Amino acid sequence: MADPAIAAKRIAAFWGGAFMVGMFGTAWVLKSTGILAQPWGFAVMLLPMLLLIPMIRASEAMQRETGCASPAAQRYNRRMLVASFAYAAGLGGALLLFNGQTVAKPVAALLALLPTLPVLAMIWAMARYVIEETDEYLRARTVHAALVATGMLLAVATFWGFLTTFGVAPNVPMWAAVPVWCIGLGVGHLVGKVRGL
Amino acid sequence: MRNRLKVLRAERDWSQQDLAERLEVSRQSVNAIETGKYDPSLPLAFRIADLFGLSIEEIFLRD
């Protein structure tokens, strides 16, 4: 009989892959067909986001099988799921209202808040996880990964900034900081695993 | 830091999961402490010592 932990890891990897393929595949189809340029085009992106639900369920099953599940991690997953849908809705709504229209700067600033607030909720969820996690080893692992992510973000931002200064690379919107940090968090967990933390 | 957790656990016929449940930590925590990948905090070390009815120095050994 197959090891349940390995089976759970495979299922989690499958849903993780399905989510990525779903998001990028839908974005590519919408862009190539011109649907993404439509005011309502972004709403279609909510459909592949539904794959987040089985992905998180599979991830929690994997955590249980590999012995690293905790109530704090479960709360973190739920909060991130809600914030992710709020982010997609906020971004879609902001683009829909902003699309092709000239709006006053205070209104534009309010529109910018729509996708920002759910990201603030994600940052809050990450902070709450570290506060609420009672398992000190799991907490130390996450803090280690967060330090790697922060270091990586600072390094990438500094290098990219100078590339921009010297005209080598284009400007990148500041909101890219959060996805870069999240990639760094994944790298941090991987580094921790390789180093045996 | 070395420790005698694996031996103490085996003497009681406890699995890592059994010990994790008694300590109210994850199984990965027990594994990380047992294999020396992670040194527990003083409060957790006291909880481990209390569970086995030993002193910390009888479980955790200097390198």
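Each reported figure results from applying straightforward, stated rules to the coordinates on display, with no laboratory input. Since this is a predicted model, take the numbers as computed values, not measurements. Note that each Cβ is placed from the backbone with ideal geometry, even for glycine, and that neighbours are counted across all protein chains shown.
Numbers below:
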item: Förster-model FRET efficiency, 35 Å R0, A:K31 and A:L154, C-beta, rounded to 0.05; result: 0.65
item: Interchain or long-range residues, amide H under 5 Å from B:N3's placed H; result: B:L61
item: Cα convex hull of segment A:55-99, projected area averaged across orientations, nm²; result: 3.4 nm²
item: Inter-chain shielding of A:144-150 (mean C-beta neighbours from other protein chains, 10 Å cut-off); result: 0
item: Computed P(r) (all Cα pairs; segment A:29-143; 10 Å bins; percent); result: 13, 33, 28, 18, 8, 0
item: Value of relative contact order over chain B, rounded to a whole percent, pairs C-alpha under 8 Å and six or more apart; result: 45 percent
item: Spin-label pair A:V191/B:D13, simplified geometry with 7 Å Cα→Cβ offset, distance in nm; result: 4.6 nm
item: FRET efficiency, 1/(1 + (r/R0)^6) with R0 41 Å, evaluated for B:S55 and A:A177 via beta carbons; result: 0.25
item: For chain A: relative contact order, % (alpha-carbon pairs under 8 angstrom, 6 or more apart); result: 18 percent
item: Convex hull projection area averaged over all views, chain B, Cα basis, nm²; result: 3.7 nm²
item: Debye, to nearest 20: dipole size of chain A, +1 on Lys, Arg Cβ, -1 on Asp, Glu Cβ; result: 60 debye
item: Cα-based radius of gyration of segment A:31-70 once divided by 2.2 N^0.38 Å, which approximates compact folds; result: 1.83
item: Exercise: per-residue mean of other protein chain Cβ atoms within 10 Å, B:30-42; result: 3
item: 3J(HN,Hα) from dihedral phi, segment B:39-54, Karplus parametrisation 6.51/-1.76/1.60, rounded to Hz, x for glycine, proline; result: 8, x, 5, 4, x, 6, 4, 5, 4, 5, 4, 4, 4, 8, x, 10
item: Translational diffusion coefficient (Stokes-Einstein; Kirkwood radius from C-alpha pairs) of chain A at 4 °C, 1.567 mPa s, in µm²/s; result: 68 µm²/s
